[in-house]
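Asks: Take this structure, written in structure tokens, and hold onto it; I'll ask about it next.
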Amino acid sequence: MQKLEPLIKYLQEFGASDDLSMGQSTFMVEMMEVANILNNATQNSLVVLDEIGRGTSTYDGLSIAWAVATFMADKEKCGAKTLFATHYHELTKLEEMIEGVKNYSVAVKEKGEDVIFLRKIVQGGTDESYGIHVAKLAGVPKEVLKNAKDILKNLERKSMLGEKNLQKEEKKASAGQLDMYNYKIAEIAHELDKINVNELTPIDAMNILVKLKESAS
């Protein structure tokens with residue numbers, strides 16, 4: 001245990017503070033450490049990464065975490081053996097996209113509105129977060145917890161509506177492209193219908209072909 005104490009102390013301090021004297025925020029320190037890992041890790045390395053991207057906006061953090069995880073898993077670029085802890089549920093999709101990536105999560109038991117953390121790691125991802133439950137265990141006032149739950153529901157509802165609206169816009173765009181395509185086909189068909197092939201000279205046929213090609217493009 002004594003031999004491990006310096007390592008444990010180092011791991012506890014690693015990425016957990018800022019350096020105000022050097023004008024470096026917590027996030028900057030974290031990114032510098034991540035950069036050091038990415039630039040030096042090899043297939044013989046064992047890397048432990050915890051909550052990469054936590055110090056910036058959600059989309060920024062998710063993008064960075066996704067890119068870092070992808071880089072670490074790429075055997076040609078890095079391929080280090082990596083434990084990557086994150087609360088970004090979107091990253092669980094990497095298991096389907098990249099060979100060698102496996103999802104694991106902490107097992108929990110839900111009983112009504114209560115959650116019991118079983119302190120057990122099981123294979124498979126999860127789409128649930130239990131931050132509010134942890135806040136409850138920590139003793140955060142009930143009024144704050146209730147407000148947090150209401151805000152969470154509202155944000156999730158807006159997210160779902162936003163996704164549905166995006167899908168509607170994509171469908172409209174696709175329909176518009178299809179309508180334009182059909183219009184072009186009908187226009188070309190109409191031009192072809194007016195042509196008397198028996199009266200065409202080779203030059204006329206060439207000119208018509210050029211015109212139709214321009215119309216199609």
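The values are calculated or read from the model by the stated rules, or taken from the named source; none is laboratory data. Note that this is a predicted model, so its numbers are computed, not measured. Every residue, glycine among them, receives a Cβ derived from its backbone with ideal geometry; neighbour counts consider all protein chains shown.
Asks: Could you tell me whether region 65-75 includes any residue that is closer than 27 Å to TYR130 by Cα, at pLDDT below 90, crowded, with 17+ Cβ neighbours inside 10 Å and within 14 Å of the chain's Cα centre (by Cα)?
Replies: No, because not a single residue in region 65-75 is closer than 27 Å to TYR130 by Cα, at pLDDT below 90, crowded, with 17+ Cβ neighbours inside 10 Å and within 14 Å of the chain's Cα centre (by Cα).
Asks: Among the residues of region 116-128, is there at least one that is under 23 Å from the mean Cα position of the chain (by Cα), within 25 Å of MET31 (Cβ to Cβ), at pLDDT 85 or above and not in a strand (DSSP E or B)?
Replies: no
Asks: Are any residues in region 55-83 touching a helix residue (DSSP H, G or I) at 6+ places or on another chain (Cβ under 9 Å) and without any contact (Cβ under 8 Å) to a residue 12 or more places away in the chain, and if so, which ones?
Replies: Scanning region 55-83 gives a single hit, LYS77.
Asks: Determine whether THR92 is in contact with a Ser or Thr (Cβ under 6 Å, 6 or more places away or on another chain), surrounded by 14 or more Cβ atoms within 10 Å (Cβ to Cβ) and closer than 19 Å to LEU49 by Cβ. If you could, list the steps in order and put the result at the bottom.
Replies: Values: in contact with a Ser or Thr (Cβ under 6 Å, 6 or more places away or on another chain): no; surrounded by 14 or more Cβ atoms within 10 Å (Cβ to Cβ): yes; closer than 19 Å to LEU49 by Cβ: yes.
No: the conditions fail for THR92.
Asks: Would you check if there is a residue in region 156-168 being at pLDDT 70 or above and not basic (Lys, Arg)? Walk me through how you get there before you give the answer.
Replies: From region 156-168, those at pLDDT 70 or above are 156-158; that's our starting set.
If we keep only those that are not basic (Lys, Arg) too, we end up with 156.
Yes; the residues of region 156-168 include at least one that is at pLDDT 70 or above and not basic (Lys, Arg).
Asks: Related question: Going through region 129-146 one residue at a time, which ones are in a helix (DSSP H, G or I) and within 14 Å of THR86 (Cα to Cα)? Walk me through it before giving the result.
Replies: Filtering region 129-146 for residues in a helix (DSSP H, G or I) gives 131-138, 142-146.
Passing the criteria: only GLY131.
Asks: Might you check whether a residue that is closer than 30 Å to GLN24 by Cβ, at pLDDT below 95, among the small types (Gly, Ala, Ser) and surrounded by 13 or more Cβ atoms within 10 Å (Cβ to Cβ) occurs anywhere in region 42-54?
Replies: Scanning region 42-54, I find at least one residue that is closer than 30 Å to GLN24 by Cβ, at pLDDT below 95, among the small types (Gly, Ala, Ser) and surrounded by 13 or more Cβ atoms within 10 Å (Cβ to Cβ), so the answer is yes.
Asks: Identify, please: which residue in region 19-39 is polar (S, T, N, Q), outside any strand (DSSP E or B) and surrounded by 13 or more Cβ atoms within 10 Å (Cβ to Cβ) and is, among those, modelled with the lowest pLDDT? Can you show your working first?
Replies: First, the residues of region 19-39 that are polar (S, T, N, Q): 21, 24-26, 36, 39.
Subset that is outside any strand (DSSP E or B): 21, 25-26, 36, 39.
Retained after the next criterion (residues that are surrounded by 13 or more Cβ atoms within 10 Å (Cβ to Cβ)): 25-26.
Details: SER25: 79, THR26: 82.
Only one residue tops the list, namely SER25.
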